[in-house]
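What follows is a set of notes on a single structure, which appears directly below.
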Amino acid sequence: MRLHPADFPNVKVLGSRIHLADVPRVVSLIEQWVEDYQEDKRCRQIIVTGFHGIWEAYKDREFKTMLNSADLWIPDGIAPVAVARAKGFENVDRVPGAEIMPAFLKRANEKKLSSFFYGDTKETLTALKENIARKYPGHRIVGTFSPPFRTLSPEEEDEHVRMINDARPDVLWVGLGLPKQERWIHRNLDKLKVPVAIGVGACFVFFSGKVQRTPEWIGKSGFEWLWRLLQEPKKLWRRDIIDAPQFVMHVIMELAGLRKYD
C-alpha cells in the first residue's frame, strides 16, 4: 500500500504542523520516495525536530512557513507528542532522528541503498563512516563532507550541491544543526538531484560514538532534554533553561484557548 504524508494525522503546535507517524512507516515512505524519484525527479524534505524547531518557527514566521512547506515534519522530542496527547490523539510517540537513521540503514543494508552525509567535522564523519560500514556493510556511503563552520558564498554552496548530485545518493543526511540545516535544504531543494534530504542535527555525533545517545527509557519519560543538557551544557543551556519555559507557557495558553497561533 502506498503511503502519503496526508494519510498521517497531524497536530498544530504554535502554528507548526507536526505529522504523527512511527519509525517503520517513515522508513517505508523514504524508500517509496526513493523509488518515485525515477519518475518525478523531485527532492523531498523531512523535518525532524521537537520543541526547538517549533519555538524557532514561532519566533520567525518566515522559518515557520519554510518548515510547514516540508513534505514531512516528524516529532523528534516529547513536547509535540505531549501536546498531541493533550488534544486527544492516542498511541502517538516520538520519532527521533536517531531511530530513523538506523532503521533506514538496516533497510538500505538489505536493498543496497545509498547515503551522503553532509555536516559536522571531518573527525565525526570519519568515525561515523567506520561505524556504519561495520554495522551495515551492505549500505553504500557514496560521500561525506564537512563544510566550513562559517557562512558559505553562493559559489561554494553551489559547488557542494554539485558534489552531492554527482555522488547520486538515495538519501542526503544533513547535520548542520537547527535552523541552519533546514534553511540549507530548503534553499537548495530545487537544485538537489536527490530523492530525500533529511536534517538530523546531532545524529552524526551519536553514530560516531562521540556523544552517547539518551537511553530509551529516559527519552520516553520526557527527560531527554535533561540528559542532553548534562552532556553538552555549553551548547544547550540557553535552549533548555531560557527557551523551554517560554515554550511551555505558550503551549499552555494555546491548550487553554487563551491565545490562537497561526
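Please report the spacing between the Cα centers of the range 25-59 and the range 122-169 in Å, no decimals. One Cα centre to the other: 19 Å. Partners of K135 within straight-line reach, counting aspartates and glutamates whose Cα lies under 14 Å from its Cα and excluding those fewer than 8 residues away in the same chain: E110.
The alpha carbon convex hull volume per residue for the range 5-216 rounds to 120 Å³. Each of the trypsin sites (Lys or Arg not before Pro) that DSSP puts in a loop and that has at most 11 other Cβ atoms within 10 Å breaks the chain; the longest unbroken stretch is 151-258.
The charge dipole of the chain, taken about its Cα centre with unit charges on the Cβ atoms of Lys, Arg (+1), Asp and Glu (-1) only, comes to about 340 debye. Among beta bridges from DSSP that stay inside the chain, the antiparallel ones total about 15%.
Pairs of Cα atoms under 8 Å, at least six residues apart: use those to get the relative contact order of the range 5-216, whole percent. 25 percent.
Values in this text are rule-based calculations from the coordinates and carry no lab data. Predicted model only: the values in this text are computed from it and were never measured. Here the Cβ is made from the backbone with ideal geometry for all residues, glycine too, and neighbour counts use every protein chain on show.
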